[in-house]
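Chemist: Next up is a structure, given as structure tokens.
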Amino acid sequence: MERPTSDMSSANAVLLGALASGVNDQTWFVLKVTFLLLGLCLTSMLALAFSSSDFIIVGHVLLLVTIGAVLFLLLNRFLAQTGLVSVEQQMKEMGISDREQIEKDKSN
């Protein structure tokens, strides 16, 4: 994962990615980690459902696993078609820039 060229933290880049159009590298990394943790939780739920021998619960957990996997695959496909956006491009699109902020602070 590349570090943004500006001095913006990853948390700020993720928040900016939530507000601006497109997906930046940091936001996509957070989404991948979130899906990984969701997969771990659902795997443990599936193991517990199999150990309880309740096939209704197993079916429900398998449905949740399927929904999560399809959502992750659709997000991957969407990003493969659209591509990632840089943090700087998102900042320009929203009308905020570090240089503009520095100039405003100097004039005040």
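Just so it is clear, none of the values below were taken in a lab; they were calculated from the coordinates. Every value quoted in this text rests on a predicted model; they were computed, and no experiment measured them. Cβ atoms come from the backbone with ideal geometry, glycine included; neighbour counts cover every protein chain shown.
Chemist: Arrange Leu63, Leu16, Leu38 by Cβ neighbour counts within 10 Å, fewest through most, would you?
Modeler: Values: Leu63 10, Leu16 20, Leu38 16.
Listing Leu63, Leu16, Leu38 from fewest to most nearby Cβ atoms yields Leu63, Leu38, Leu16.
Chemist: Can you tell me the dipole magnitude for region 27-103 around its Cα centre, using point charges on the Cβ only (Lys, Arg +1; Asp, Glu -1), in Debye to the nearest 20?
Modeler: On the way: 4 positive and 6 negative charges, 65 e Å.
Charge dipole of region 27-103: 300 debye, to the nearest 20.
Chemist: Short version: ³J(HN,Hα) in whole Hz for each residue of region 53-67, in order, from phi by Karplus 6.51 cos²θ - 1.76 cosθ + 1.60 (θ = phi - 60°), x for Gly and Pro, what are they?
Modeler: 6, 9, 6, 5, 5, 4, x, 5, 5, 4, 5, 5, 4, 5, 4
Chemist: Another question, then. Given points 7 Å out from each Cα along the Cα-Cβ axis, report the Met94 to Ser44 separation in nanometres with one decimal.
Modeler: 3.3 nm
Chemist: Read phi for every residue in region 69-85 and hand back ³J(HN,Hα) as whole Hz from Karplus 6.51 cos²θ - 1.76 cosθ + 1.60, θ = phi - 60°, with x for Gly and Pro.
Modeler: After applying 6.51 cos²θ - 1.76 cosθ + 1.60, I find 5, 5, 4, 5, 5, 5, 5, 4, 5, 4, 6, 5, 7, 8, x, 8, 10 Hz.
Chemist: Taking a ≥ b ≥ c as the square roots of the eigenvalues of the Cα gyration tensor of region 27-103, is the shape rounded (a/c under 1.5), prolate (a/b larger than b/c) or oblate?
Modeler: Values: a/c = 5.29, a/b = 3.02, b/c = 1.75.
Taking the square roots of the gyration eigenvalues as a ≥ b ≥ c, region 27-103 is prolate.
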